[in-house]
Amino acid sequence: MSSQLPTLWSKRLTCWAGTHLGLAVAVCLVGTICLRATPVAHEAEPMPLQIAPQKAEETRVYYDFESCVNCHSKGFENPDKQICRGAEVPIWQKEDKHRIAYKVLGDPRGLQMGKILGLKDVRTEPTCLVCHSSTLPGKQAAKVDIRVTPEEGVSCVACHGPDVVVLPAKGVEDKLGWLDRHGSANAAFRDAWRRKDRSEKEIVWGMTDLWDPVKRTQVCASCHIGNVAKDQFVTHAMYAAGHPPLPGFEVVTFSNQMPRHWEYLKDKKEPILKALKFTAADIELEQVNLLAIGTMVVFQEYLNNITEQAKAKPWPELAHYDCFACHHELKSKSWQQERGYAGQPGRPPLREWSAALVEISLRYSAHSAEENTRLETEFRTHWRALQADLDAQPFGGKAEVQKTSSRFSMWVGDQVRRLKEQMAAAGKGGDFAKDASARLLADVIALAKRWRPATAPGEAKRFVPGFDSARQLAWAFQVLYVETAPSHDAAKILEYSKRLGDNQHWQKLNDYLYLTLPKGQTKIEIGLADSLDRLGKYEPLQFFEHFDRVLKDLNLPK
Amino acid sequence: MSPRRAVVGLLAVLATATLAGYAAPLEQPVPMPAAQAPKVLWLGSGSCAAMGCHNANGLSGEQRSEYTTWVSHDRHARAYEVLYSVKSRTISANLKRPKAAANDSLCLNCHVHAAYDKTDHHPHFAKEDGVGCESCHGPASTWVANHYRNRPTPEQKRQMGMADTWSLPGRVRSCLPCHVGTQDMDVNHDLIAAGHPRLAFDFSAYHALMPHHWQDVKDKKSGASPWARDDWDAAAWFVGEALTTQAAMRLLECRSASRVWPEFAEYDCYACHHRLQKLSWRQERDFKQREAGSLAWNDWYFSGLPLRTFADNAKAGSAVKSIDELRKLMEKTVVPKAAAGKRARAVADLLDDWARFLCDRNFSEMDRTDARRHLTAGAVEQAIKNTGSWDEAAKNYLALVALSQAPGDMSPKVKEALSRIRDYLRAPEGVHAGSTHSPSQLLQPYKLLQESWSAR
């Protein structure tokens, strides 16, 4: 599998396309976190991407994809001198499921949901449009200039950000936004834009820096996990009414499978990389960093949602808890019961997959074994505190949970910051980057070992992965295995990808966990029955059987 | 005992009944042993086991072989033993209980007797006997010596301190603390998740299946005993249901005062515990009455079936209304704890009145026929609309069996229809049928029943 980097967007729906997933009907204003005029507001959010307050005369314009199509369709004549290839729009338009995000609202499933939920029309309902289109529905629309129609689905602006301009008016000097600047025919004007820092482009001009792993993950997560603070969230009522379950989210895999309409950094030419100020380490570690940081950010967004729910929304909201802890058939010998309980039996647990790979990221960020031990201990302490709240009463007490999860989120934020610092330091030398993918891959394999269900009598019970956690592990494995191809040599990468893809046991695992998200702009319904069926039949031992064979075939230590 | 077993076995039970009957007065529940004077001692089942008394080694159910019957056939006698099973140890470990199940009062309160660790035991008392004589008949120290002298009447026995297991309400109430639950004897969702089977009590079915160590004729042939009534089977169903629902309401009230809320054991297991499917009938039929994604209150205790068969009765009407209002509270997305508890108490009080009415009533052939028709018509309607839970379907089936115990009730056609319903409701080994229940599957047998009953 290849690795890739983005120019751009990712946003709301990937998953629906995805396997068992669903359309993210939800809610998110998705990409918006970054797009909005007001600073995003998770209180505990440690890296609040401060967007400067909008000046009174400035307007945020939500442009339509037609604004991009002239340049980004046919490919540039001199691609070596361009930041991107200029062929992005057709990929989105013809292959990407984000394109049909709005359309699916009118499908029978969407209409049925509207009926059950008592909505007038899901196609105009803000809680749906917030993720299924690029418009800013509801009150927020009043503050901005929306030129994109919901029919476009999740289009360019949703992830890349709105254009911050001063519109021509009497007595006012108008000002062009990034849209005109970055694509200007005037070479000097355009170069001036190029020289701007990525963060300035975002903060001052509204163009989201999707190369930043934190930002990218937040943009995707705002729909794929949800953002309660922004009323962008698939509630349990929505699920019950028929919204497909949002699957576990892993940002590298979902980005790659969008399909990718951008180039990886390693595919870009030297002068472009220089202009964008990417270091050799950034290029080398593009995927690894995105995986490590994305994992933490996804977990943080999950915690933020719980915090916000406890703080300001009806409590409890069942959608924050593990769907499959309850939604499984009752059997006399089920793996759920065999594995025991982390806390008090009978209380809905957290969505464990969201933290499944956190240990890997912590290890990646640690400078020494001692530091790693300390971080793991801190992580477990926070986790146990949250678990204790959930043990005290079903769903946890509102006030306690708010406190514990917000503290936890702040801690995760600290770790993300450390990771980013290390990334920056790696660019200036040091050995952080050395063998990073191999180290992480070994960590993933070691994690799998710890997750294996106890089989010998008397063996201590341990965490045993559910379907979504197993998937997180397999996705991380896939990303990292290919990344271990020496020196990012294109031929080597291809060879590694092929070796994995051709492996019959990997294929079985791929089938078993539905690792490859359904392609094309098909209806969401296709694949849903099948994926849910696989989910219902999932058994951890079966997963490990496939996984072990893959390790053996690839000569990796079990 | 699982509802499935009850379902299976009940059909086989063909009890007899005849004349018009004496309705025993509705007694207040036996005072809990905890409330007994300190002198009261639990002596153990051994104290009943003299050969000349209740252990004559006769056949099951023979007079003077009550102990014999219990010890050799009744699963209550194994109630303690089961605490040593792997399953029990797992439950205990999952709940991180400080003591092993066999010494844990949480378990002993039902697997031996109520308030186990708050009562006094004679040195010969053996908890190893499980749910023994005194667990239902009351601690024996005050009456063991004289309960057989001069043939005391039930009233006299009661005065000696024996628990009322003769009258219908007395008998029902001797089962309820363990089989439905009380504050200290609560099989809640924590316990179920840890591995304990769910409780789903049905008095008529459980009573029919329990090895009888007494003579049915004393219950069912008027004149055979002071409490006998010819309409015993029908009355047992009506009274059993009313008091069971009442006990469940009292339990709900206790639960609503706990920090563990919502208490998932109040809800329909299969409303949540089912595999997620692409096309779910639940979305089509479940959300007409309640908010999408809210919890569905269980129909095992709260469907109000027997009340609904008395559509014209004002008492029944107000109880039904009250239960429906409580259902609305229980099925809110955020369940209002205090309001639900308060209403549960009010419903329980209403049911007191209702149970008294039922006890005093002489159930006629017409009552039974009407009730059966009503239940069948309801089931047909649900099958057509494809709505209703597994719990409701199972209770409906059990009701029809309980109401078809008079001679001649079980024609081959009726029997066939009931067997088909039972077979559908029964779980395949290892999986519970409730997860995949689809009421439309029951349309044919219910139509068959409808025909055979209207034919007469």
- Expected integer from the mean partner chain Cβ neighbour count at 10 Å over A:327-335 is 6
- Item | Surface/4 of the Cα convex hull for the range B:245-337, nm² | 6.7 nm²
- Using a 1.4 Å probe, how large is the accessible area of B:His111, given in Å² and rounded to the nearest 10? 40 Å²
- Note on the structure: Toy charge model, Lys and Arg Cβ at +1, Asp and Glu Cβ at -1: the range A:329-383 dipole around Cα centroid in debye, rounded to 20, equals 300 debye
- Pairwise centroid distance, computed over Cα atoms, of the range A:189-246 with the range A:375-411, Å: 26 Å
- Query: Taking only the alpha carbons of chain A, what extent do you get along each of the three principal axes, in Å, biggest first?
  - Reply: 80, 56, 41
- Can you list the residues of the range A:218-241 that have at least 50 square angstrom less accessible area with all protein chains present than in their chain by itself, probe 1.4 Å? A:Ala240
- Message: Counting only protein heavy atoms and a 1.4 Å probe, tell me what percentage of the protein assembly as shown's accessible area is made up of carbon and sulfur.
- Response: 55 percent
- Asked for the total accessible area buried by A and B (1.4 Å probe, Å², nearest 100), one would answer 3300 Å²
- Note on the structure: the range B:318-387 -> Rg/Rh from Cα coords, Kirkwood Rh, value 1.10
- Simple spin-label estimate for B:Ala339 and A:Ala399 in nanometres, 7 Å along Cα-Cβ: 2.2 nm
- Given a Förster distance of 35 angstrom, what is the FRET efficiency for B:Lys328 paired with B:Ser454, based on the Cβ-Cβ distance and rounded to 0.05? 0.50
- Message: 5 Å is the cut-off here: which amide hydrogens, built 1.01 Å from N in the peptide plane, fall below it relative to A:Gly75, excluding neighbours closer than 5 in sequence?
- Response: A:Ala87
- Relative packing of A:90-102, A:184-196, B:205-217, which averages over residues the other C-beta atoms within 10 Å, highest first: A:90-102, B:205-217, A:184-196
- Per-residue ³J(HN,Hα) for the range A:377-393, Karplus 6.51 cos²θ - 1.76 cosθ + 1.60, θ = phi - 60°, Hz, x for Gly and Pro: 5, 4, 4, 5, 5, 4, 4, 5, 5, 5, 4, 5, 4, 6, 6, 5, 7
- Tell me, which residues of the range B:254-289 get at least 50 Å² less accessible area when the other protein chains come in, versus the chain alone (1.4 Å probe)? B:Arg259, B:Phe264, B:His273, B:Arg275, B:Leu276, B:Lys278, B:Gln283
- Bin width 20 Å, alpha-carbon pairs only: give the P(r) of the protein assembly as shown as whole percents, running from 0 to the bin holding the largest distance. 12, 38, 28, 16, 5, 0
- Task: Enumerate the calculated ³J(HN,Hα) couplings along the range A:114-124 in order (Karplus 6.51 cos²θ - 1.76 cosθ + 1.60, θ = phi - 60°), each rounded to whole Hz, writing x wherever the residue is Gly or Pro.
- Result: x, 5, 5, 7, x, 8, 5, 7, 4, 7, 10
- Message: With viscosity set to 0.890 mPa s at 25 °C, what whole-number translational diffusion coefficient in µm²/s follows for the range A:225-294 from Stokes-Einstein and a Kirkwood radius over Cα pairs?
- Response: 164 µm²/s
- Message: How would the range A:461-527 be classified by its alpha-carbon gyration tensor: rounded, prolate or oblate, with rounded meaning a/c under 1.5 and the a/b versus b/c comparison settling the rest?
- Response: oblate
- Query: How many Cβ atoms of partner chains, on average, are near each residue of B:187-197 if near means within 10 Å of its Cβ?
  - Reply: 3
- Message: For a quick check of your reading of the filter: which chymotrypsin sites (Phe, Trp or Tyr not before Pro) in the range B:95-189 sit in a DSSP loop and have no more than 15 other Cβ atoms within 10 Å?
- Response: B:Tyr148
- Item | Rounded FRET efficiency, nearest 0.05, which uses the C-beta distance separating A:Gln504 from B:Lys87 and R0 of 35 Å | 0.30
- What share of all Cα pairs of the range A:399-548, in percent, falls into each consecutive 5 Å distance bin? 2, 7, 12, 14, 16, 15, 15, 12, 5, 2, 0
- Note on the structure: Along principal axes, largest first, the alpha-carbon spread of chain B in whole Å comes out as 63, 55, 41
- Can you give the accessible area per residue of chain B, in Å², using a 1.4 Å probe? 44 Å²
- Fully extended, how many nm does the chain gain between A:Asn186 and A:Trp335 (0.36 nm per residue separation, minus their Cα-Cα distance)? 47.2 nm
- Message: Please list A:Thr455, A:Thr484 from largest to smallest accessible area, probe radius 1.4 Å, with all protein chains kept in place.
- Response: A:Thr455, A:Thr484
- Item | Those chymotrypsin sites (Phe, Trp or Tyr not before Pro) in the range B:240-307 that DSSP places in a loop and that have at most 13 other beta carbons within 10 Å | none
- Message: Please compute the volume of the convex hull spanned by the alpha-carbon atoms of the range A:417-456 and report it per residue in Å³.
- Response: 77 Å³
- Given Cβ charges of +1 for Lys and Arg and -1 for Asp and Glu, the option among B:Ala100, A:Asn304, B:Trp453 whose Cα lies farthest towards the positive end of the dipole of the protein assembly as shown is B:Trp453
- Query: Rounded to the nearest 10 Å², what accessible area does B:Ser225 show when all protein chains are kept and the probe is 1.4 Å?
  - Reply: 20 Å²
- Task: Enumerate the calculated ³J(HN,Hα) couplings along the range A:529-541 in order (Karplus 6.51 cos²θ - 1.76 cosθ + 1.60, θ = phi - 60°), each rounded to whole Hz, writing x wherever the residue is Gly or Pro.
- Result: 4, 5, 5, 5, 5, 5, 4, x, 9, 4, 10, x, 4
- Interchain or long-range residues, amide H under 5 Å from B:His121's placed H: B:Trp42
- Task: Pop a pseudo-label 7 angstrom from the Cα along the beta-carbon direction at both A:Lys269 and B:Ala311 and give the gap in nm to one decimal.
- Result: 8.4 nm
- Could you work out the equivalent-ellipsoid semi-axes for the range A:451-499, taking the square root of 5 times each eigenvalue of the Cα gyration tensor, largest first, in whole Å? 34, 11, 8
- Query: Sorting B:Ile384, B:Ile323 by accessible area (1.4 Å probe), largest first, what list results?
  - Reply: B:Ile384, B:Ile323
- Percent antiparallel among DSSP beta bridges confined to chain A, rounded to 5, stands at 80 percent
- Once Rh is set to the Kirkwood radius over Cα pairs, what Stokes-Einstein translational diffusion coefficient, in µm²/s, holds for the range A:313-374 at a temperature of 25 °C and a viscosity of 0.890 mPa s? 170 µm²/s
- Hey, what's the range A:435-558 come to in accessible area per residue, 1.4 Å probe, Å²? 45 Å²
- Would you be so kind as to identify which of B:Tyr270, B:Ser318, B:Val334 lies farthest towards the positive end of the dipole of the range B:256-346, taking Lys and Arg as +1 and Asp and Glu as -1 on Cβ and the Cα centre as origin? B:Val334
- Note on the structure: If each part is reduced to its alpha-carbon centroid, the range A:77-146 and the range A:289-305 end up apart, in Å, by 24 Å
- Item | Ellipsoid semi-axes in whole angstrom, largest first, where each is sqrt(5λ) of the Cα gyration tensor of the range B:177-295 | 36, 19, 14
- Note on the structure: Note to self: C-alpha centroids of the range B:373-430 and the range B:146-208 sit apart, in Å, by 26 Å
- Counting DSSP beta bridges with both partners in the protein assembly as shown, what percentage is antiparallel, nearest 5? 75 percent
- Item | Debye log10 I(q)/I(0) at q = 0.12, 0.13, 0.17 Å⁻¹ for the range B:117-234, Cα point scatterers | -0.57, -0.66, -1.07
- Message: List the aspartates and glutamates whose Cα sits under 20 Å from the Cα of A:Lys94, skipping any in the same chain fewer than 8 residues away.
- Response: A:Asp64, A:Glu66, A:Asp107, A:Glu151, A:Glu152, A:Glu263, A:Glu525
- Message: Report D for the range A:62-169 in µm² per second (integer): Stokes-Einstein, Kirkwood Rh on Cα pairs, 37 °C, 0.692 mPa s.
- Response: 214 µm²/s
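The values are calculated or read from the model by the stated rules, or taken from the named source; none is laboratory data. Please read all numbers here as calculations on a predicted model, not as lab measurements. Quick reminder, even Gly has a Cβ in these numbers, built from the backbone with ideal geometry, and neighbours come from all protein chains shown. With ligands, DNA and RNA removed, areas are computed over all heavy atoms of the protein, side chains included. Shrake-Rupley method; radii C 1.70, N 1.55, O 1.52, S 1.80 Å.
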